[in-house]
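First up is the structure itself, then whatever we jot down about it.
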Amino acid sequence: MNRLSITTVAFAMLAAPVFADGHASGDAAAGEKVFKKCKACHSIIADDGTKIQKGGRTGPNLYGVYDRVAGTFDGFKFGGSIVEAGEKGLMWNEADFVSYVADPKKFLATYLDDKKAKSKMSLKIKKEADAQNVWAYLVSVGPGAPASN
């Protein structure tokens, strides 16, 4: 193996944890603090009923949101634009989540190429780092997350 191959393999091994479990690059502990703004509308409740974050019902449960098709969660009535985005292939990942929460209406208008697209979500998380941290938190408490110490 040449130096470039060894360097490439080493980089891939070191980067793997960053991209595992929903591709979270933020700080989950900081994201938990930012999530306090989100829980006015959203909760995080595990499939077995465990309440990770008790919150409002205006927005969908965010447990296991990563890799979920947008606009899908049994028992929640989504707006038409987010459902359409899911039907067109939008699955939540860090990059799309961060863009969406920065400006939900703008994100959907761009994704759907429809200036009339709407979002029911009114809160905007303008700071990219805050949005990345919330994503990291959601990934950390979702299914398949490592057990906490």
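The values are calculated or read from the model by the stated rules, or taken from the named source; none is laboratory data. Worth saying up front: this structure is predicted, and the values here are computed from it rather than measured. All Cβ positions, even for glycine, are placed from backbone atoms using ideal geometry, and neighbour counts span all protein chains on display.
Summary of values
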| item | result |
| --- | --- |
| Yes/no for Lys126 being surrounded by fewer than 16 Cβ atoms within 10 Å (Cβ to Cβ), of a type outside the set (Val, Ile, Thr) and in a helix (DSSP H, G or I) | no |
| Single residue of Tyr137, Tyr111 found to be among the aromatic types (Phe, Trp, Tyr) and more than 15 Å from the chain's Cα centre (by Cα) | Tyr111 |
| Condition check for Asp67: at pLDDT below 95, assigned to a loop (DSSP other than H, G, I, E, B) and at negative phi | no |
| Residues within region 30-60 that are exposed (fewer than 15 other Cβ atoms within 10 Å of the Cβ) and either among the aliphatic types (A, V, I, L, M) or in a loop (DSSP other than H, G, I, E, B) (or both), tallied | 10 |
